[in-house]
1. Could you list, in sequence order, the residues of segment 130-144 that are of a type in the set (S, T, N, Q) and open to solvent by 40 Å² or more (accessible area, probe 1.4 Å)?
2. Show the residue pairs that are 6+ apart or on different chains and have beta-carbon atoms under 9 Å apart, the first residue being within segment 6-23 and of a type outside the set (D, E, K, R), the second being open to solvent by 50 Å² or more (accessible area, probe 1.4 Å) and part of a helix (DSSP H, G or I).
3. Need at least 3 residues that are at pLDDT 85 or above and more than 13 Å from the chain's Cα centre (by Cα) per element, so show me which helices (runs of 4 or more DSSP H) inside segment 49-168 make the cut, counting only ones lying wholly within it.
4. Select from segment 20-38 the residues that are assigned to a helix (DSSP H, G or I) and either open to solvent by 50 Å² or more (accessible area, probe 1.4 Å) or touching a Gly at 6+ places or on another chain (Cβ under 7 Å) (or both) and list them in ascending order.
5. What number of residues within segment 37-47 are under 15 Å from GLU106 (Cβ atoms) and free of Cβ contacts under 8 Å to residues at least 60 places away in the same chain?
6. Inspect all residues belonging to segment 87-101 and state whether any of them is under 18 Å from GLN28 (Cβ atoms) and open to solvent by less than 40 Å² (accessible area, probe 1.4 Å).
7. Do you know which residues across segment 145-161 are within 21 Å of ALA135 (Cα to Cα) and either open to solvent by less than 50 Å² (accessible area, probe 1.4 Å) or not small (Gly, Ala, Ser) (or both)?
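The values are calculated or read from the model by the stated rules, or taken from the named source; none is laboratory data. Source: prediction; values computed, not measured. Glycine gets a Cβ as well: all are built from the backbone with ideal geometry, and neighbour counts include every protein chain shown. Only protein heavy atoms, including side chains, enter the accessible area calculation; ligands, DNA and RNA are left aside. Shrake-Rupley method; radii C 1.70, N 1.55, O 1.52, S 1.80 Å.
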Amino acid sequence: KGFANFSRNWYQGGDDIWKIYNFQFERQKVINALGNANNAEQYARQLGFDDLDSYAADIVKNVVPNYERVPEAIKLLRKAPLGNFIAFPAEIIRTSANTLSYAAKELASDNQKIREIGMRRLMGFMSTAAVTGPAVQGTAMFALGVGQEQMDALQRRVADWSRASTLI
């Protein structure tokens, strides 16, 4: 039990470090785009936030996976035979939708620098969505010694609804 607690705390601490990094990164992005902290504060207020810190925290809260934010229905499914892994896809869906939402709002800005942030956010999301699946599949195929011919045969044998999916 002691090792499990240590491991969980260590893992959670790593998550916290990345959230702090992302908070500072999002905050600095707006400051750099608008020239100074005063302009960035004013921009955050125009968006309905109390200050720039609240705006940056909102972005991190909504685009960085956080398993504490998983809906209650998903938390209940964790107890089913599906196991804990159900939270991961739920968080990917939540953070993906939020990332696209922030990108759309930024792309609609009157400020060219804010639109550039939105375009980078959108391109980063699209790159991740397009590259991650095939990269994981290729790594798994290499690690397990599965050739393309075997993967193609497997693709023909799966259920109809899964034929266009990236199989890992």
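1. Hits for segment 130-144 are THR132, THR139.
2. Filtered contacts from segment 6-23: PHE23/ASP53.
3. Numbers: elements: 52-63, 72-77, 87-107, 112-144, 148-157.
The helices (runs of 4 or more DSSP H) meeting that bar are 52-63, 87-107, 112-144, 148-157.
4. As a first pass, look at segment 20-38 and keep what is assigned to a helix (DSSP H, G or I): 20-34, 37-38.
Result: ILE20, TYR21, GLN24, PHE25, ARG27, GLN28, ASN32, ASN38.
5. Qualifying residue count for the region: 4.
6. no
7. Result: VAL146, GLY147, GLN148, GLU149, GLN150, MET151, ASP152, ALA153, LEU154, GLN155, ARG156, VAL158.
Matching residues to (1) open to solvent by 70 Å² or more (accessible area, probe 1.4 Å); (2) of a type in the set (A, V, I, L, M):
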residue: ASN62; (1), (2): no, no
residue: PRO65; (1), (2): no, no
residue: GLU68; (1), (2): yes, no
residue: ILE74; (1), (2): no, yes
residue: LEU122; (1), (2): no, yes
residue: THR128; (1), (2): yes, no
